[in-house]
Amino acid sequence: MSRQNGISVEDMMSLEVMGDSKLIAGFKGIRNTISRVNIMADPDIMDWVQEGEFLLTTAYFLEKDNVEAQKKLIKECYDKHLAGIGIKVSPYLDSLSEEVLHLANELNFPLIDIHQSIPLSDIMMDVFKEIFNKQASLLERIEKVHEQFMAVMLEGNGVKEVTQVIHDNIKNPVILCLNFSNQVHKKLGETNEKLKAEFLNDVKEFYDPNDGRSKLKKLDEDKVIIDGKFVDRMIMPIVLKDNVYGHIFTWSTNSPLGGFDLSIIESASTTIALAVLQELTVKEVEIRYRSEFFEDLISVDPKRKKKALERAHFFNLNPNSYYIIEVMSFKLKFEDENDDKYLFEYLQDYVNTMVAIIEDIMRYLNLNGIVATKLNGVQVLLSFEDESRIVDRLNNFNNRVMETLDEKFNNMNVKIGVGRTYKGLDNVNKSFSDAVKTIRTGKAIIDKKMITFDELGIFKILCQDFLTEELEDFYNTTLKPLVDYDDKKSTELVKTLEAYFEHNGNLTRMSENLYTHYNTILYRINRINEITGMSLDNPNDRLNLEIALKIRELLM
C-alpha cells in the first residue's frame, strides 16, 4: 500500500465530510494509503476491488447476523491489500462483534464506523477530490525535484550532489553505488555508527554474487531488518543501454516510503544514468588514448616507439625509471566459450569497471603508471623510481587486485602474468614480452592466478617463440612414441614416467603413490626404456625425457 499515491486513512478521518465517524479497530493501519474509494453494493465486490482502495458499505451488506461472514470479508479485504473499510453500523446493528474488531486489530486493518447521517457518496466525492489535489501537489513537487537534479548536473556538481537531493526530499537514508566506477555515495542523516554499518552491510549482502538480484533491471522492493526492526527498502537500478551500472538504496527508517519517494528515485535514476553515460564516454576516450600510447610504446616499429617516448611526459612517465608490465587475462565462466555474444557483453560490462578498480588501487598505493586494454585483457605499466621495495610494493598491488576482482567478478577466471623489471622506458617492450610468455605458458604449467616470469624456471627458455619447431621435433623423437603407445594400448606409461621424476626414481614410493605393485612398476620402467629407446639409468636420457615431459605440457 505504501507504493500507492493518495491520502492516508488518517487524512481521510480529518476531512469535514467524515463528521462524527470513528475509527473503531485496526488503529496501527491509520497510515495506510488510500488510492481510490469503492462502494460495496454487490456481494461479488471482492472480484473487482484493487490494491489501495478504501471500501464503503453498510452493516446490511455485512450479513449482520453472520459473524463468520463478517470476519471472512475483513480477511479478504486485508488479503487484497485494501486500505480499510468504512461501515455504516447503525441503524442495522448496535455494534460490530468483538471477534470482528479483534481480527481487524490483529491484522492492523482499519475499520471506521461511518455515522448514519453521512451519505456514502459524499465521502467518496470528497476523498476523490482530496486525492486529486494531493496528486496535483505531488506532481508539482516531483517537477521541482527534477529541476533540482537538472540544476545539479548542469552546474557540474556530479552524482554525489544528486544523492544529497534524494536524501533531502525523501527524508530517509540513501546510498548510491556506481559499480562501473567503484563509487559509493552515502547520505545517512544523523544515524549512529552501528546503524551506518547495518546499512552498508545490507548493501554488501545485496551484491552477494550468489544472490543475482543485483543484475535485475527493475525496482526491487522488500522488507529488511534494520536496528532490530522490519523496514521497507527500495532499490532502484541505474540502467543504461540495457546494462545495470549501479543502484540507489533507501530504507524507511524515518518515514514511510510512498509513491512520492518512488518518483524521486526514478527521476534520480534517469539523471544519474545520463551522468554515467557522460562519464563512460570520457573514460572510453581516455582508455583508448592510453591504449594507443601503450601499443606504440611496445611496438617493434622504431617510429611508433619514438613517438610514444616523446609523449611519455603526458602520462608522468620518467624515461629513466624502472618499469614492469603485467598482462591480465579475463575469461567469463559461461557454457559456450565460443559465443561472440558473451565476449561482447564482457567488453561492455566489465572492462571499464576493471580499469577503474585497478586505477583506484594504484592511487591508493601511490603507484605511478598507466592501465590499457586490448581484446579480453588489461595491461598495466608500473613505474618505480628506484629498485628498493619493488617486490614488496608489487606483491601488495597484485594481492589487492586479485582480492577485489575475485570479490566483484566471481563469474570470471582471472590470470595475471608479470614480466621482469627493466630500467628505462625504452625497454618496457621486453617486460611486455615476458608478461605475455608468462601468462601463455603459466596457464599450462602452474595452477596459480598470478605468475611471475621468474617462476617459469626452465620454461623461461622453452617458451621462446623461435624454439617452437625445435621443441616439437625434440618431443616427437623422445616422448611422443610413449604417448602414442598409451593411446593405442590404454596403458599408463607416461603417468608412470611423471611419477618417476616426481619421486626421484624411488620405485617403492612410486608403487605407493600409483597404488600399483612394485613388480608392475618395474615392468613399466623396462617398457618405457624399450619404447623410447632410452635408459632411465643414463643421466642424459633422464634429462631428455624430463624436458620432453615439460615440452608436452607446453604443446598440449
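The values are calculated or read from the model by the stated rules, or taken from the named source; none is laboratory data. Source: prediction; values computed, not measured. Don't worry about glycine lacking a Cβ; one is built from the backbone with ideal geometry, like all the others, and counts go over all protein chains shown. Just the protein is used for accessible areas: all its heavy atoms, side chains included, with ligands, DNA and RNA removed. Shrake-Rupley method; radii C 1.70, N 1.55, O 1.52, S 1.80 Å.
Quick notes
- Here L317 sits with roughly 10 square angstrom of accessible surface, probe radius 1.4 Å.
- Carbon + sulfur, % of accessible area of the chain - ligands and nucleic acids excluded, 1.4 Å: 48
- Fully extended contour minus Cα-Cα distance, from E98 to D44, at 0.36 nm per residue: 16.9 nm
- Taking every DSSP beta bridge that has both ends in the chain, the antiparallel portion is near 80%.
- Over the chain, accessible surface divided per residue gives 53 Å², non-protein components excluded, 1.4 Å probe.
- Sorted largest first by accessible area at a 1.4 angstrom probe radius, with every protein chain in place, the residues I324, I142 fall in the order I142, I324.
- In range of the label at N368: residues from region 383-412 whose backbone nitrogen is under 19 Å from the point 7 Å along Cα→Cβ: 383-395, 397
- For K223, the aspartates and glutamates whose Cα comes closer than 13 Å to its Cα, not counting residues fewer than 8 places off in the same chain, are D202, D232.
- Within the chain, helix-based [θ] at 222 nm, where runs of 4 or more DSSP H residues each add -39,500 (n - 2.57), nearest 500: -16000 deg cm²/dmol
- The lysines within cross-link reach of K88, meaning a Cα-to-Cα straight distance under 27 Å and a gap of 8 or more places when in the same chain, are K22, K28, K64, K71, K72, K75, K80, K129, K134.
- Added length on full extension, which subtracts the Cα-Cα distance from 0.36 nm per residue, N506 to D222: 95.8 nm
- At an R0 of 35 angstrom, the distance between the Cβ atoms of F132 and T270 translates into a FRET efficiency of 0.85.
- Rg(Cα) / (2.2 N^0.38 Å) computed for region 174-232, rounded to two decimals: 1.18
- Of K448/K480; K160/K283; K306/K423; K160/K408; K215/K408, pairs whose Cα-Cα distance is over 20 Å: K448/K480; K160/K408
- In terms of its C-alpha gyration tensor, region 80-175 comes out oblate, because a/c is 1.5 or above while a/b does not outweigh b/c.
- Paramagnetic reach from R440 (point 7 Å along Cα→Cβ, amide N under 19 Å) across region 290-318: 295-301
- Seen through its C-alpha gyration tensor, with square-root eigenvalues sorted a ≥ b ≥ c, region 483-556 comes out rounded because a/c lies under 1.5.
- Ordering 45-57, 528-540 by mean Cβ neighbour count within 10 Å, with the highest value first, yields 45-57, 528-540.
- Between S299 and K423, the FRET efficiency estimated from the beta carbon spacing at R0 = 25 angstrom works out to 0.80.
- Among E221, E469, the order of accessible area from largest down is E469, E221, computed with a 1.4 Å probe on protein heavy atoms.
- Rg/Rg_globular for the chain, with Rg_globular taken as 2.2 N^0.38 Å and Rg from C-alpha atoms: 1.48
- FRET efficiency for Y518 and K307, using Cβ-Cβ distance with R0 set to 56 Å, rounded to 0.05: 0.25
- With the simple spin-label model, which puts each label point 7 Å out from Cα in the Cβ direction, the E472 to N540 separation comes to 2.7 nm.
- Remark: the T404-T281 segment gains 41.8 nm on full extension, using 0.36 nm per residue and subtracting the alpha carbon distance.
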